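A.B. asks: Here it is, the structure in full.
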Amino acid sequence: MNLGRESLAAVVLALGYALAGGLYWWLLNVPESNALALILSATLVLLLVVASAVTTAGAVAVASGTGRPARQHVGAAIVGFAIGLALFEVLFAITDQGEQWWIRHSGEIDALFLRYGGITRTGWLHTTVEQTVIFGRLMLGLSAVAALVVAGVSGGWRALLHGLRRSVRLVPLAATLAGVLVFVKIVCRLVFWRPRGLPPTWMEPTFVTIKLATLYAVTIAVAAFVLSVHRRHATSSPPAARS
C-alpha cells in the first residue's frame, strides 16, 4: 500500500466528485417545462455519470500506479461504472417491490406473531427488515460499481465479468458495508446538525462551512477506502480469476 498514491487518489476523488456535485446541483435547478430544458437535463445526467465514472476510474488508476495501461482501459471502466449503476437500479426496483409487499402485509405479519407466538411488540422486526433492505441494496449495488470500475481499469473489457463476480465476495462486501454504515450513520446524520445556542452571527456560517468540509473529507476517505479494498482484493485474487 503506497500512502502517496492513495492520498493522490483521494485528491482525484475530491475534485472529481465536487465537479459531479456541481453538475447535480445544476440539474436540480433546471426547470423541466419545455423541450430545451429536457434536453439540457438529459445532457447533465450524461455528464454527471461520465464525470463520476472518469473520476472513480482515475482514482483507481492513480492508486494502482498502472499509468498508460489504465488510461487505455478508461472506456471499459466507464462502461463498468454504467453497468454497475444499471444493476443498482435493478436491485433497487426489486428490493423496493419486496419492501412495499412487506409494508402492505405488515398487519398480517403482526397477527401471525400474535397468534403463534403471543408477541405483541413487532416494531423491532419491521425496523430490522427495513434496515436490512436499505443497507443490503446499498452494499450490493455500490460493491458492483466499485468492482466493475476496478476490473475495467486493471484488465479492460474482458475483466468486467470477473469484476462482477468479485463484487459479491466477503471482503469487498464487508468493506462496502462498512463505508455505507459510516456514511449513513455519521455523515448523513450530521449534515443538518448544529450545536444549541450557536449565535446567528459570523459563527454560524463559519461552523456550517467547517462542518460540511469535514463531512465531505470523511466521505472522500470512505470512498477511497472502499475502492482501495476492492483494488487490493482484485490484485490478490488467483490468476485464474483475473484477465
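A.B. asks: When the residues of segment 162-186 are narrowed to those that are in a helix (DSSP H, G or I) and of a type in the set (Lys, Arg), which ends up farthest from Leu227 (Cα to Cα)? Walk me through how you get there before you give the answer.
C.D. replies: Residues of segment 162-186 in a helix (DSSP H, G or I): 162-166, 170-186.
Among the residues that remain, those that are also of a type in the set (Lys, Arg) are: 165-166, 185.
Working: Arg165: 16, Arg166: 13, Lys185: 20 Å.
Per the stated criteria, the residue is Lys185.
A.B. asks: Taking helices (runs of 4 or more DSSP H) that fall entirely within segment 1-109, which contain at least 1 residues that are farther than 30 Å from His162 by Cβ? Reasoning before the result, please.
C.D. replies: Working: elements: 3-28, 35-64, 68-72, 74-104.
Output list reads 3-28, 35-64, 74-104.
A.B. asks: When segment 111-134 is examined, which residues are found to be of a type in the set (Val, Ile, Thr) and in contact with a helix residue (DSSP H, G or I) (Cβ under 7 Å, 6 or more places away or on another chain)? Full working, then the answer.
C.D. replies: First pass over segment 111-134, keeping only residues of a type in the set (Val, Ile, Thr): 119-120, 122, 127-129, 132-134.
Ile119, Thr120, Thr122, Val129, Val133, listed by residue number.
A.B. asks: Taking only segment 4-63 into account, find how many residues are over 25 Å from Val149 (Cα atoms) and among the β-branched types (Val, Ile, Thr).
C.D. replies: Residues meeting the conditions: 2.
A.B. asks: Tell me, yes or no, whether segment 224-234 has at least one residue that is at pLDDT below 80, under 18 Å from Arg166 (Cα atoms) and surrounded by 12 or more Cβ atoms within 10 Å (Cβ to Cβ).
C.D. replies: No, segment 224-234 contains no residue that is at pLDDT below 80, under 18 Å from Arg166 (Cα atoms) and surrounded by 12 or more Cβ atoms within 10 Å (Cβ to Cβ).
A.B. asks: From the set of residues in segment 2-16 that are surrounded by fewer than 17 Cβ atoms within 10 Å (Cβ to Cβ), within 10 Å of Ala59 (Cα to Cα) and hydrophobic (A, V, I, L, M, F, W, C), which is modelled with the lowest pLDDT?
C.D. replies: At the first step, the residues of segment 2-16 found to be surrounded by fewer than 17 Cβ atoms within 10 Å (Cβ to Cβ) are 2-5, 7-8, 11, 15.
Subset that is within 10 Å of Ala59 (Cα to Cα): 5, 7-8, 11.
Checking the rest, the ones that are also hydrophobic (A, V, I, L, M, F, W, C) come to 8, 11.
Values: Leu8: 91, Val11: 94.
Only one residue fits best here, namely Leu8.
A.B. asks: While we're on this one: Have a look at Val149, Val226 and point out the one that is in contact with a Phe, Trp or Tyr (Cβ under 6 Å, 6 or more places away or on another chain), among the aliphatic types (A, V, I, L, M) and either assigned to a helix (DSSP H, G or I) or more than 28 Å from Leu91 (Cα to Cα) (or both).
C.D. replies: Values: Val226 fails: in contact with a Phe, Trp or Tyr (Cβ under 6 Å, 6 or more places away or on another chain).
None of the others qualify; the one that does is Val149.
A.B. asks: Tally up the residues in segment 135-158 that are out of contact with any helix residue (DSSP H, G or I) (no Cβ under 7 Å at 6 or more places or on another chain) and hydrophobic (A, V, I, L, M, F, W, C), please.
C.D. replies: Result for segment 135-158: 0.
A.B. asks: Would you mind stating whether Arg169 is surrounded by 15 or more Cβ atoms within 10 Å (Cβ to Cβ), of a type in the set (Lys, Arg) and farther than 30 Å from Leu47 by Cβ?
C.D. replies: Numbers: surrounded by 15 or more Cβ atoms within 10 Å (Cβ to Cβ): yes; of a type in the set (Lys, Arg): yes; farther than 30 Å from Leu47 by Cβ: yes.
Criteria met by Arg169.
A.B. asks: Right, here's the next one. Filter segment 187-206 for residues that are in a helix (DSSP H, G or I) and either of a type outside the set (A, V, I, L, M, F, W, C) or loosely packed, with under 14 Cβ neighbours inside 10 Å (or both) and give the result. Before the answer, list the steps.
C.D. replies: Step one: filter segment 187-206 for residues in a helix (DSSP H, G or I), giving 187-190, 203-206.
Matches in segment 187-206: Cys188, Arg189, Met203, Glu204, Pro205, Thr206.
The values are calculated or read from the model by the stated rules, or taken from the named source; none is laboratory data. Not measured: the values here are computed from a predicted model. Neighbour counts run over all protein chains shown; Cβ positions are idealised from the backbone, glycine included.
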